[in-house]
Amino acid sequence: MHYPENTRQVEAIIQNARKIKTPLVARSSRGPHLHGASENPIAETVDFSCMNRIIKIDRRSRYVRVEPGVTFGELIPLLKDAGMRLNMPLLPRAGKSVVASALEREAVLIPKYQYDYTDPLLTVEAVFGTGDVFRTGSAAGPGSPEETRADMVLPWGPGCVDYLRFFTGAQGTMGFVTWATLKTEVLPSLSKLYFVQAASAEKLTCLANTLLRRRIPDECVILSRVSFAAAFAEDAAEEDKLLSTLAPWVMLCRICGFERYPEERLSIYEGYLKEVCAEAGLEAVPEVSALPGLADKVETKITDCDRRKTYWKLRRGGVREIDMLCPPSRAPRLITLLENLSCPGAVGITVQPQVLGRAFRIECSVFFSGDPTETEQVEKALEDVSRQLFEAGAYFDRPYGKLSKIAFESDPVSTEAIRKLKRIFDPDGILNPGKLCF
Ligand SMILES: Cc1cc2nc3c(=O)[nH]c(=O)nc-3n(C[C@H](O)[C@H](O)[C@H](O)COP(=O)(O)OP(=O)(O)OC[C@H]3O[C@@H](n4cnc5c(N)ncnc54)[C@H](O)[C@@H]3O)c2cc1C
C-alpha cells in the first residue's frame, strides 16, 4: 500500500513500479469500496487519502481545484461558505472522493449546467503510466501551475486532442490524477422543490424532456418508488410508508432563483412547470402527502451527501448495480426490461437526464441481504439483462467486470485504437491491469 503526499511521490511510485514490473491500482475514496472497482488482487494500491488539499476555491470564475483525497463530506460545506455548490451526483457517500466521482462520470443532478459528459471536470494534472507528469487543457502551460497566467479551466487541449477524455471512465488505467479543477455553481438564494408522481416512467421521461428544453429545473431526477424510499426514508417504518403510498415513479424537480429577481424567476418557472404538467395530465406538488415534512429533508439531501451511518444503498446489507446511457427515445424500453428483472431483493431504478437532457443515465440498483447465494443470483440476473439491454440500445460507457466484455466486443476497431493509446501512455501495462479492455 502506498500513501503519496504529493505529485513527486506519485511519479516516483510509478517509475519504480515500471522498473520492478509491479501493477498499481489507484484509490481515492474512503470505504465502503463498493463492487471493488478500486481494488485489484494483482496490484499494489496507491491510496490518495493523504493528498487531500483544497488548492483553490474561486467564486468569481466558479471553480474549485482539489486533490483526489478530498471528499464530498469535506468540500460541500466549504463551498457553501463561499456561496457555491457542486453539480452533485444523487446522494454520494460522504467519504466519496470528489475527483474520483467526476473521473467516473457519475451522473449529475443538474443537467442544465452540464454541457459535456466530462462536466463538471475541467482540467487535471496526472501522472501517466510512463511516469511522466501531464496537465490537460489550459492547465498545460506554458509554465508551471504557479507561473501560468491561465485560470486552468478550459478543458480542451493542449493542441487539438482532448486529453481529459483519456482519464475519465478509465478506472485509473491511463494515469493517476493528482489534482483536478471542477466547475462549481452559484448557490440559489431561493428554491422550491416539486414532486411529480406517475404510474409509468415514460410519462416522467417525456416531462423531463419538455422541461429541460425550456431549461426550467435545476435538480431533475426520476426515481422508482423503491429508490425513492431507499434514498430518503430515515428508517424502516418510513420506508414501508413510502413504498405503500407512493406512485411507482416520482420525479424531483427543483426550481431556483438567484441574486437578481429571485421571486420573479421562481414564479415564472412555477407557472411553466404547472402548465407543462397539466398538459401531460400530471401534477407538480410541493409535498409528499404520506409523510408531511419530508420535502424539506429531501431538498437538504439532494444538495448534500449521505452523512448517515449506513450508506443508503447498503441499508439491506448488499447492493449490485448496472448503469448505462441512452437517448431519451430509448429510455422507456430499457426501463421496462429493468422493471421485469427477477431476482432476490428490491429493484430500484433512477433515471437522470444528462447534458442538457440530451441523454439519460439509467441506474438500476438491486438492494438485497448481501447473502452469498443471493449475491450469485443477483449478479446472474444483472448479467442476463445486460445483454438484452445492450441489444435494446443501452450504451455501457463505464463498464465494470463482465459488462466490459459486452461493451468492447461490440466495437473491435475502437477497442484496438484504445489499446494502442494504452501502449503509448502505459507501455508496461502496470496501471490497473485486467480492467476495461486491458
Ligand atoms: C451503477 C454502478 C455499477 C457499478 N458496477 C460495478 C461492478 O460491477 N464492478 C466494479 O468493479 N465496479 C462497479 N462500479 C464502480 C464502483 O462501484 C465504484 O467505482 C466504487 O465506488 C469504487 O470504489 P471506491 O469508491 O472506493 O473507488 P474510488 O477511489 O472512488 O475510485 C473509483 C475509480 O477511479 C479510480 N481512481 C481513484 N483514484 C484515482 C486517481 N487519483 N486517478 C485515477 N484514477 C483513480 C479507481 O481505480 C477506481 O477505478 C459500479 C458503479 C456504479 C455507479
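Relative contact order, whole percent, for the stretch 7-186 stands at 24, derived from Cα pairs under 8 Å and 6 or more residues apart. Please determine, in degrees from 0 to 90 and to the nearest 10, the orientation of helix 236-245 with respect to the longest principal axis defined by the Cα atoms of the chain, where the helix direction is its Cα long axis. Taking the Cα atoms of the chain, the angle to 236-245 is about 60 degrees.
So between ARG215 and SER189, what do we pick up on full extension, going 0.36 nm a residue minus the alpha carbon distance?
Full extension from ARG215 to SER189 adds 7.5 nm.
Looking at the P(r) of the chain, how many percent of alpha-carbon pairs lie beyond 40 Å? Roughly 17 percent, rounded to a whole number. Using the Cα gyration tensor of the stretch 7-186, with a ≥ b ≥ c the square roots of its eigenvalues, what is the shape: rounded (a/c below 1.5), prolate (a/b larger than b/c) or oblate (neither)? Because a/c hits 1.5 or more and a/b fails to exceed b/c, the stretch 7-186 counts as oblate. Taking the longest Cα principal axis of the chain as reference, the axis of helix 7-20 is set at about 60 degrees.
Once the Cα-Cα distance is subtracted from the 0.36 nm per residue extended length, the TYR395 to LYS380 segment shows a gain of 3.4 nm.
If you plug the beta carbon distance of ASN6 and SER369 into 1/(1 + (r/R0)^6) with R0 = 35 Å, you get a FRET efficiency near 0.25. The C-alpha atoms of the chain define a longest principal axis, and helix 412-425 lies at about 50 degrees to it. Compute the label zone of ARG62 within the stretch 92-116: residues whose backbone N is under 17 Å from the point 7 Å along Cα-to-Cβ. 108-116, by backbone N distance to the label point.
Coordinate-derived values only; no laboratory data. Quick caveat, the model's predicted, so the values are computed rather than measured. Cβ coordinates were reconstructed from backbone atoms using ideal geometry, including for glycine residues, and neighbour counts include every protein chain displayed.
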